[in-house]
Amino acid sequence: MILCCGEALIDMLPRETTAGENAFAPHAGGSVFNTAVALGRLDAPVQFFSGLSSDLFGDVLRAQLTASQVDSSPAAISDRPTTLAFVTLTDGHASYAFYDENTAGRMLSEADLPETQADALFFGGISLVVEPCGAAYEAMMLREAPQRLTMIDPNIRPSFITDEDAYRARLTRMLGVADIIKTSDEDLEWIVGNTDAKALLDSTGAQVVLLTRGGEGVSIVTANGTYDEPAQKAEVVDTVGAGDTFSAGFMAQLHASGHLTKDGITHAGEDGLRAAAAFGAKVAAITVSRAGANPPWASEL
């Protein structure tokens, strides 16, 4: 079982009405939510933990999880509102404006943390930035990392960061216990000031660092060497959810090969890691070929 821990929100995606007016259409989203949905659609056993609202948008999120074969029973339900993210697209690349004050996801606390028997836990996204939910997810990761595989994708959103020093300190602690770190070249540049993924690996003790470079593919960095896997060609509609889907594909393939455990990742080897990255690139290519975060089902592959 894979437990995805992080934000679920409503992406307000730009649209144009039949009258030619600019508008926004609500779609279920959030970085970690997207990863959970993609895992479920790829037939991987997955649960989702977050703070979810009992409002109408919360109903949309839970319905999407259920429809995508994701167990949301670990989630903490409250009557606080759902986080909204208004998306603007420039040449297919997304930027975000978040509305997150006093929301169900934001106000998650350590008292809400579930017990779990999952083999692997995934963390990331904007849920690590703000309080009190950021402290809750950090506590969950630090609690479980000694006995379960943990993977993190910081997915940096600079416009959402209000206390940069505190956020950097949290990332340092969480990256320091992660078995797998996934980061884009842009995110790594923000985190450490360069794109030296090997230095990140050495400074954290992770087993694997995945450095994604958009259309140039992904570098798999381990203590035994660095392996490059190309991106799969696609006609890009937008990049919403691309990295989230890649993470899901990578974990789904490792789960299928029996390597998505604390012990298993040490035996994945070059072939196992390459196969996982190639599968992640394959499913991400499908996601970018259609509007919004709409990961593929296993049957579409």
Worksheet item: Scanning the stretch 178-199 for residues that are over 17 Å from the mean Cα position of the chain (by Cα) and among the aliphatic types (A, V, I, L, M), which turns out farthest from residue 228 (Cα to Cα)?
Response: 192
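Filter the stretch 204-227 down to residues that are at negative phi and in contact (Cβ under 8 Å) with a residue 24 or more places away in the chain, then give me how many there are. Walk me through it before giving the result.
Taking the stretch 204-227 first, the residues at negative phi are 204, 206-213, 215-216, 218-224, 226-227.
Filter once more, keeping what is in contact (Cβ under 8 Å) with a residue 24 or more places away in the chain: 204, 206-213, 218, 220-222, 224, 226-227.
Residues flagged as at negative phi and in contact (Cβ under 8 Å) with a residue 24 or more places away in the chain within the stretch 204-227 amount to 16.
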Response to the item:
Picking from 247, 219, 203, the residue that is outside any loop (DSSP other than H, G, I, E, B), under 17 Å from residue 120 (Cα atoms) and among the small types (Gly, Ala, Ser) would be 247
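Would you list the strands (runs of 3 or more DSSP E) that sit entirely within the stretch 1-115 and hold 1 or more residues that are under 17 Å from residue 240 (Cβ atoms) and of a type in the set (Ser, Thr, Tyr)? So that I can check it myself, show each step before the final result.
Numbers: elements: 2-5, 9-16, 22-29, 46-49, 51-53, 76-78, 84-90, 93-99.
So the answer is 84-90, 93-99.
Right, residue 262: part of a loop (DSSP other than H, G, I, E, B), in contact (Cβ under 8 Å) with a residue 40 or more places away in the chain and under 30 Å from residue 95 (Cα atoms) or not? So that I can check it myself, show each step before the final result.
On the way: part of a loop (DSSP other than H, G, I, E, B): yes; in contact (Cβ under 8 Å) with a residue 40 or more places away in the chain: yes; under 30 Å from residue 95 (Cα atoms): no.
Spelling it out, it is not the case that residue 262 is part of a loop (DSSP other than H, G, I, E, B), in contact (Cβ under 8 Å) with a residue 40 or more places away in the chain and under 30 Å from residue 95 (Cα atoms).
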Discussion item. I'd like to verify a number: residues in the stretch 39-49 that are closer than 16 Å to residue 78 by Cβ and either out of contact with any helix residue (DSSP H, G or I) (no Cβ under 7 Å at 6 or more places or on another chain) or without any contact (Cβ under 8 Å) to a residue 40 or more places away in the chain (or both), how many?
Written reply: 1
Item to complete: Identify all residues within the stretch 201-218 that are at pLDDT 90 or above and either among the aromatic types (Phe, Trp, Tyr) or surrounded by 14 or more Cβ atoms within 10 Å (Cβ to Cβ) (or both); write none if there are none.
Response: 201, 204, 206, 207, 208, 209, 210, 211, 212, 218
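Tell me which residues, restricted to the stretch 97-118, are surrounded by fewer than 18 Cβ atoms within 10 Å (Cβ to Cβ) and touching a residue at least 24 places away in the same chain (Cβ under 8 Å).
Going through the stretch 97-118, the residues surrounded by fewer than 18 Cβ atoms within 10 Å (Cβ to Cβ) turn out to be 97, 99, 101-102, 109-111, 114-117.
Hits for the stretch 97-118 are 97, 109, 110, 114, 116, 117.
Taking residue 204 as the residue in question, decide whether it is polar (S, T, N, Q) and over 17 Å from the mean Cα position of the chain (by Cα). Break it down stepwise before answering.
On the way: polar (S, T, N, Q): yes; over 17 Å from the mean Cα position of the chain (by Cα): yes.
In short, yes.
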Discussion item. Pull out all pairs, ordered by first then second residue, where Cβ-Cβ is under 9 Å, the residues are six or more apart or on different chains, the first lies in the stretch 150-162 and is within 12 Å of residue 247 (Cα to Cα), and the second is basic (Lys, Arg) and at pLDDT 95 or above.
Written reply: 151/182; 152/182; 153/182; 154/182; 155/182
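The values are calculated or read from the model by the stated rules, or taken from the named source; none is laboratory data. Owing to the predicted nature of the structure, the values given are computational and were not obtained by experimental measurement. Quick reminder, even Gly has a Cβ in these numbers, built from the backbone with ideal geometry, and neighbours come from all protein chains shown.
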